[in-house]
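I have placed the structure first, in the form of structure tokens, so that the comments after it can refer back to it.
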Amino acid sequence: MIRNFTSVTKHYDKSNTFNAYIIVENTVTSFVPLDEANTDYQAIQQWISEGNTVIDNGE
Amino acid sequence: MAIDKITTAAITDGTITSSDLASGAVPNQSAFKNIIINGDMSIAQRGTSVSSITGSGYNTVDRFRTNMGTAGTWTQSQSTDVPTGQGFATSLKMDCTTANGSLSAGSFLIIDQRVEGQNLQYLKKGTSSAESTTMSFWVKSAKTGTYVAVLQDMDNSRSISKSYTISSANTWEKKTVTFPGDTTGAFGNDNAASLKVQFWLVAGTTYSSGTLQTSWGTTTNANYAVGQVNLADSTSNEWYVTGVQLEAGTSASDFEFLPVDINKKRCERYFFKNAGNSHIGYAPSIGDNYRHETYYYPQEMRASPTITVTWDDQGSGTGTPGMQYIATQTADIYTNMGNTTNIVAFSTVQGDAEL
């Protein structure tokens, strides 16, 4: 089932490495690690495959 | 052998062996025999009641997921309505608050639990020695009739369905269904979801127009829940369940009660939420504007969890939150305070590695 994310943004750590997604869903903000076993990560990949765009504000 | 024939002498002389026992005479009594986690519905970290449910997700009782589409509106709660004299203190309750008496073809409402494949290897699925499994549970509903329980093999797209009947309205009844072993399709030996254990409550024709698939076979949507009553057809409808146990073998043994600390630890492999204001992440400056806190989860998690943090900076600065890393045992949570003096307090930290 496609999730209804309000937004998905790339998160960069202090070393400017992309290491997580920041999702906003039902007004709640969470950090999703780049772990293929994480079901939120899986949902983001499906959400992207449906043509949605991840916000990338750069390092 | 009749029970009154078992004497001390008969036991001490060593003449009773396992071959003397009929199959199923001694049910599986091993520790952690229950494949289901939190089957007594005692752990509810997310909360004890959620209303206005129209879609899928985890709501109240740990490990039990609601899957729903076009099936009315529901309130789910951790209830204290339980079968008398069975030792249970809590149940999972589904209460219909907006009915749907004219289901769409694709309507569905399912309560399920998903199980990691590495916890199922002893069932020997996909081999000639595949084990049967038996599910027992207590259930109560305002609506009598036929309900369907399903095992779904997520690794091999196979499933098996068994129906059960709720005979008396608003009365606790114990149900037992046995599923034969499946000699086709092994479960993956990993931390992914291999098995869904499903309680169907609503099924549109997409899921009910065929023939109930009572033997293991390739999943066919139309064969999932044939005969399932529409529990969404009235706001008078409620459904309770507790004492859910799935175990190897062809008979149901007594429910395996676990100490609350063990039960909660098992749940925390998939989800944790600390008590509000219980964790203060004081992190002194190390010469820059960042404050770090290595947060140790209460339990190693199934996978790196999704982290949700609520925090307050204890000063005039406005922190910018971030994660230096998120692993299966710890996360490095930081915030940029914009100065070297203010401290930060994390009021709640939540991790979600559910299946």
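The values are calculated or read from the model by the stated rules, or taken from the named source; none is laboratory data. What you see is a predicted model; the values in this text were computed from it and never measured. As a convention, Cβ positions derive from the backbone with ideal geometry for all residues, glycine included, and neighbour counts pool all protein chains shown. Surface accessibility is based on the protein's heavy atoms, side chains included, excluding ligands, DNA and RNA. Shrake-Rupley method; radii C 1.70, N 1.55, O 1.52, S 1.80 Å.
Global size of the protein assembly as shown: 24.2, 82 Å for Rg and Dmax (C-alpha atoms, Rg to one decimal, Dmax whole).
Solvent-accessible surface of protein heavy atoms, probed at 1.4 angstrom with all chains present, puts B:TRP138, B:TRP200 in the order B:TRP138, B:TRP200, largest first. In units of the rule-of-thumb radius 2.2 N^0.38 Å, the stretch B:48-131 shows an alpha carbon radius of gyration of 1.41.
Sorted largest first by accessible area at a 1.4 angstrom probe radius, with every protein chain in place, the residues B:LYS93, B:LYS125, B:LYS265 fall in the order B:LYS265, B:LYS93, B:LYS125. Ligands, DNA and RNA excluded, the heavy atoms of B:HIS292 present near 50 Å² of accessible surface to a 1.4 Å solvent probe.
Looking at the square roots a ≥ b ≥ c of the eigenvalues of the Cα gyration tensor of the stretch B:87-138, which shape do they give, rounded for a/c under 1.5, prolate if a/b is larger than b/c, or oblate? List each step's numbers first, then the result.
Working: a/c = 3.21, a/b = 1.72, b/c = 1.87.
Here the stretch B:87-138 falls in the oblate category.
Summarised as an ellipsoid, the stretch B:26-89 has semi-axes of 27, 15, 11 Å, derived from the eigenvalues of the Cα gyration tensor scaled by 5 and square-rooted, with the largest first.
Here the Karplus curve 6.51 cos²θ - 1.76 cosθ + 1.60, taken at θ = phi - 60°, turns the phi angles of the stretch B:99-104 into couplings of 7, 9, x, 10, 5, 6 Hz, with x standing for Gly and Pro. Solvent exposure of B:ARG158, expressed as accessible area, is near 30 Å², computed with a probe of 1.4 Å over the protein chains only.
Each residue of the stretch A:22-33 was assigned a 3J(HN,Hα) from its phi angle through the Karplus curve 6.51 cos²θ - 1.76 cosθ + 1.60 (θ = phi - 60°); the sequence is 9, 10, 10, 9, 6, 6, 9, 9, 9, 10, 10, x Hz, with glycine and proline shown as x. Looking at the protein assembly as shown alone, DSSP beta bridges between its own residues are antiparallel in about 100 percent of cases. Dividing the alpha-carbon radius of gyration of the stretch B:230-271 by the rule-of-thumb value 2.2 N^0.38 Å gives 1.71. Less than 5 angstrom separates the built amide H of B:PHE179 from those of B:THR133, B:THR134, B:MET135, all sequence-distant by 5 or more or on a different chain. For B:VAL50, the accessible surface of its heavy atoms amounts to roughly 40 Å² (probe 1.4 Å, protein chains only, rounded to the nearest 10).
Which percent of the accessible heavy-atom area of the protein assembly as shown goes to carbon and sulfur, probe 1.4 angstrom? Before the final figure, lay out each step's value.
Values: 8280 of 17860 Å².
Carbon and sulfur atoms account for 46 percent of the accessible area of the protein assembly as shown.
Going through the cross-link list B:LYS33/B:LYS196; B:LYS174/B:LYS196; B:LYS174/B:LYS265, which pairs have a Cα-Cα distance over 25 Å in this structure? Flagged as over cut-off: B:LYS174/B:LYS265.
The Cα-based radius of gyration and maximum Cα-Cα distance (Dmax) for the stretch A:12-59 are 11.1, 31 Å. Label-to-label distance for B:SER104 and B:GLU300 is 4.3 nm, based on points extended 7 Å past Cα in the beta-carbon direction.
Between B:LYS174 and B:THR341, the distance separating the two model label sites (each 7 Å from Cα on the Cα→Cβ line) works out to 6.7 nm.
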